[in-house]
Amino acid sequence: MSTDQKKMQKQNTANLEEVNSLANDSLNLKLSINKRLESSLKLISILSCFSYKTKLDLSPNKVSKLVYAFEELIASKPLLVDYQEILALGKHLLNEISANKMSSYTTKKNIDISFFSLSGCKQDFQISEEDLLYPRIVQIESKAICNAKCSFCDYDDLIRKGTIMSTEMIDKILNELTEIPSERTFVVEPYKISEPFLEERLGTICKKVIDMHQNSRVSINSNANFIREKTLEEIISLTRQDNFYIKSGTFVVPRLSISFSLNESDQKDYERLMKLSFKKTISNLDKIHSLVEKKELPSIIKITRVSTNATKDLKFKSLVKSRYPLFRFGLFKLNDWIGTNEFSSESIRSDGFPYLSYQKLGCRRWFDLDIMANGKVAICCMDSGVRDYNIGNAFSENILDIYRRKVRLYLPNDLKRGSAKPPCNGCTYFQGPMKTLKSSKISYVLQRKNT
Ligand code: SF4
Ligand code: SF4
């Protein structure tokens, strides 16, 4: 066993001992409600930190007793709403561990956000004057066409399905983006509710974005089921251009990256979720991986999964590590299409508890400019356009004017989404880093709340 493995084993044993002792305190009716609450919150914090990475054997009997104990605490009147939410998520976490010996990344993220809200921590979220004038991310849906039918996506319900943006309008949008000051970095995503590789003009659009502005970048998100040979060649030739790399602080970064959303490692699960051929997708990914291996394509590829289940998260990670070692791997929290898609809304609220902590968060997507194939501008990446928020039309107005109006309408003064207009005030979207509140800090947070 290597030193690292020994260290990890020692840490796991220490964690398990702490879990057992905290679980005993949570179940000990001789202790006061406050003491049991403190132990339960610490238990949830510890479990959430390592149960999405490591398998954990908790006896079903203990799990059901703890679930019952959490329910009792939730029902006890003096508890604050914040505690109730964490305890409800804790129940969800325990049920996941009981079913899979692990919890999902999505549950971990929801717990992190609840603890963040409980502790009143300051979010690492800053905006500049420029953010009010120019977007950070621009989505251009040149074609509202996708070959998949993912259950968590609104694609099937789009009225604009099949709409194609004219090249003239794409050029109008790109021209207006050149008004962004040259030192500002921004990302163009040449898709929205669409599969970018179904767009014959994808290579040309990417080239225009990179050549038009010295700090623009392109980010492509594809399902990898249809990869046009010509487009791939165009992307490869783009990566050989002199202006393909850019300095960012002390790093040199590529100006184009591709995320392939594979989502499942099992053929049946994949085909049920995406309604696409797994074999075809895997064969495309194999081909692209071999291009990276032969150094014909730089290492700009990531494979992603929306986390719904811990065992599947783990299997997925091991598939990527073993089959695609040159690709990066990313898990996403399950997000909701701002309440328009029943599948994702229900999965998010499957424990029947509204996640009020999100209302204390800001949102980086307030600085999106998302243009749909019919020219209409959406609030953000999570607004599929199924509902019309009447923000503006990029075909008939300057896109930066629309962006500035949107920011004025949706950005709340205190930068907390709870004070924003709907749908932001009820939104549970979150991607990015969020530190877990360590169990050792929980006693301090509770003391402060009680005084
Ligand atoms: S999630 Fe992406 S791949 Fe799936 S249907 Fe929607 S647009 Fe297509
Ligand atoms: S809070 Fe939600 S709806 Fe509002 S901009 Fe952010 S992701 Fe979009």
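The values are calculated or read from the model by the stated rules, or taken from the named source; none is laboratory data. On a predicted model such as this, the values are computed, not experimentally measured, just so you know. Every residue, glycine among them, receives a Cβ derived from its backbone with ideal geometry; neighbour counts consider all protein chains shown.
Quick notes
- Total residues in segment 393-406, condition within 10 Å of ligand 2 (Cβ to nearest atom) and surrounded by fewer than 19 Cβ atoms within 10 Å (Cβ to Cβ): 0
- Across segment 232-258, the number of residues qualifying as closer than 20 Å to Pro190 by Cβ, of a type in the set (A, V, I, L, M, F, W, C) and touching a strand residue (DSSP E or B) at 6+ places or on another chain (Cβ under 9 Å) comes to 7.
- Exactly one residue out of Pro196, Pro181 is crowded, with 23+ Cβ neighbours inside 10 Å, away from ligand 2 (no atom under 16 Å from the Cβ) and without any contact (Cβ under 8 Å) to a residue 60 or more places away in the chain, and it is Pro196.
- Segment 84-104, subset surrounded by 22 or more Cβ atoms within 10 Å (Cβ to Cβ) and among the hydroxyl-bearing types (Ser, Thr, Tyr), residue nearest to Ile33 (Cα to Cα): Ser103
- Test for Leu437: is it in contact (Cβ under 8 Å) with a residue 12 or more places away in the chain, within 10 Å of ligand 2 (Cβ to nearest atom) and not charged (D, E, K, R): no
- The set of residues in segment 42-64 being part of a loop (DSSP other than H, G, I, E, B), closer than 12 Å to Leu16 by Cβ and not charged (D, E, K, R) consists of Ser51, Thr54, Leu56, Leu58.
- Cβ pairs under 9 Å, 6+ apart, first in segment 140-163 and within 18 Å of Asn335 (Cα to Cα), second near ligand 1 (Cβ under 7 Å from one of its atoms) and aliphatic (A, V, I, L, M): Lys149/Met274; Cys150/Met274; Ser151/Met274; Cys153/Ile193; Asp154/Ile193; Tyr155/Ala148; Tyr155/Ile193
- Any hit, segment 439-450, residues being surrounded by fewer than 21 Cβ atoms within 10 Å (Cβ to Cβ) and closer than 22 Å to Asp154 by Cα: no
- When Cys380 is tested against (1) away from ligand 1 (no atom under 16 Å from the Cβ); (2) closer than 25 Å to Asn175 by Cα; (3) touching an Asp or Glu at 6+ places or on another chain (Cβ under 6 Å), only condition (1) is not met.
- Members of segment 334-370 found to be hydrophobic (A, V, I, L, M, F, W, C), more than 24 Å from Glu129 (Cα to Cα), at pLDDT 65 or above and in a helix (DSSP H, G or I), listed by number: Leu356
Here's the yes/no breakdown for (1) acidic (Asp, Glu); (2) surrounded by 20 or more Cβ atoms within 10 Å (Cβ to Cβ); (3) within 20 Å of Ser439 (Cα to Cα):
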site	(1), (2), (3)
Asn15	no, no, yes
Ala23	no, yes, yes
Asn28	no, no, yes
Ser51	no, yes, yes
Asp57	yes, no, no
Asn61	no, no, no
Lys65	no, no, no
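- Residue count, segment 64-85 (criterion: under 30 Å from Lys315 (Cα atoms) and modelled with pLDDT of 90 or more): 4
- In segment 421-434, the residues that are closer than 20 Å to Cys121 by Cβ and not polar (S, T, N, Q): Cys427, Tyr429, Phe430, Gly432, Pro433, Met434
- The strands (runs of 3 or more DSSP E) located wholly in segment 121-228 that include 3 or more residues which are away from ligand 1 (no atom under 16 Å from the Cβ) occupy 186-189, 216-222.
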